[in-house]
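Following: one structure in structure tokens, then a few remarks.
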Amino acid sequence: MIKKILYICDTGAVRGGGEISFFNLIENLDRNSFQPIVCLPEKGDLSGRLEDLGLRVILFSYRRVSNPANIANTWETIRLFAGIIRKEDIALVHTNSTGGVVVLAGIACWLTKKPLISHIRLICSGFLQDIAQGLLSARIIIISRRIGRKASFTFFKKKLALIYNGVDLARFADRTAKNDFRAAAGIPEDA
């Protein structure tokens with residue numbers, strides 16, 4: 001039976017390594033076992049690349065949760081996530097973010113009794129954001145030991161899973177540039 005995973009990211013654009021790693025994860029997911037559905041706050045090159053893979057991308061109205069008084073938008077987003085989880089019979093929610101969107105996804109998971117996996121790729125997330133993430137997540141994927149040593153994760157050590165970002169080695173298969181450098185530097189092929 002194919003399990004559905006709802007992936008939630010706080011951007012529709014590729015801004016850096018986090019989004020590239022997120023895309024690589026989804027691109028290489030075993031589609032015989034898992035069906036990804038992706039929620040993004042806007043269209044962009046990330047949403048385009050995901051749609052090119054044939055994935056369903058659902059847009060949600062998310063303004064950075066810097067203003068807690070924005071209750072209507074916050075509740076609308078929680079309801080959307082919970083509705084998708086119920087309607088699509090989602091087995092697991094996986095966030096690629098820190099902060100507000102994780103909290104909203106976590107509340108939706110709590111309401112629907114589905115597990116949340118948080119994927120933290122940044123060291124600079126805030127203390128209270130980390131605490132909320134720790135409380136709402138079943139597991140927290142960290143990409144470095146340094147992230148796991150943050151004081152905010154002191155009480156959540158058992159939830160942490162260290163998984164380094166994968167690298168698509170095929171991107172580096174072009175040996176032309178390597179051979180050109182070797183020739184220019186006078187380095188033998190077998191060195």
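The values are calculated or read from the model by the stated rules, or taken from the named source; none is laboratory data. Quantities reported herein were computed from a predicted structural model and do not represent experimental measurements. Cβ: placed from backbone, ideal geometry, glycine included. Neighbour counts: every protein chain shown. Protein only, heavy atoms only, side chains kept; ligands, DNA and RNA dropped before computing areas. Shrake-Rupley method; radii C 1.70, N 1.55, O 1.52, S 1.80 Å.
Assign one of three labels to the range 1-142, namely rounded, prolate or oblate, based on the Cα gyration tensor with a ≥ b ≥ c the square roots of its eigenvalues; rounded applies when a/c is under 1.5, prolate when it is not and a/b is larger than b/c, and oblate otherwise.
On the way: a/c = 1.36, a/b = 1.22, b/c = 1.12.
In terms of gyration-tensor shape, rounded.
Please give, to one decimal in nm, the separation of the simple spin-label points placed at residue 162 and residue 146, each 7 Å out from Cα toward the Cβ.
About 1.4 nm separates the two model spin labels.
For residue 30 and residue 131 in one chain, what is 0.36 nm times their gap in residues minus the Cα-Cα distance, to one decimal in nm? Can you show the working numbers first?
Values: separation 101, 0.36 × 101 = 36.36 nm, distance 3.17 nm.
Additional length available on full extension: 33.2 nm.
Quantify, in whole percent, the carbon and sulfur part of the accessible surface of the range 43-191 (1.4 Å probe; protein heavy atoms only). Working shown, then result.
Numbers: 5400 of 8890 Å².
Accessible surface attributable to carbon and sulfur in the range 43-191 totals 61 percent.
Please work out the average accessible area per residue across the range 93-176, using the 1.4 Å probe convention, and give it in Å².
Details: 4610 Å² over 84 residues.
Averaged over the residues of the range 93-176, the accessible area is 55 Å².
Quick one: how many lysine pairs does the range 86-191 have with C-alpha atoms less than 24 Å apart and a gap of 8 or more or different chains? Give me the count, please.
So the count works out to 10.
On a full-extension model of 0.36 nm per residue, what is the gain between residue 91 and residue 51, subtracting their alpha-carbon distance, rounded to one decimal in nm?
Details: separation 40, 0.36 × 40 = 14.40 nm, distance 2.15 nm.
Between residue 91 and residue 51, full extension yields an extra 12.3 nm.
Taking amide H positions as placed in the peptide plane 1.01 Å from N, state which residues far from residue 35 in sequence (5 or more) or on other chains have amide H under 5 Å from it.
Those lying under 5 Å, H to H, from residue 35 are 3, 4, 5.
With +1 on each Lys and Arg Cβ and -1 on each Asp and Glu Cβ, and nothing else charged, work out how big the dipole of the range 45-167 is about its Cα centre, in Debye to the nearest 20.
Values: 18 positive and 7 negative charges, 118 e Å.
For this selection, approximately 560 debye.
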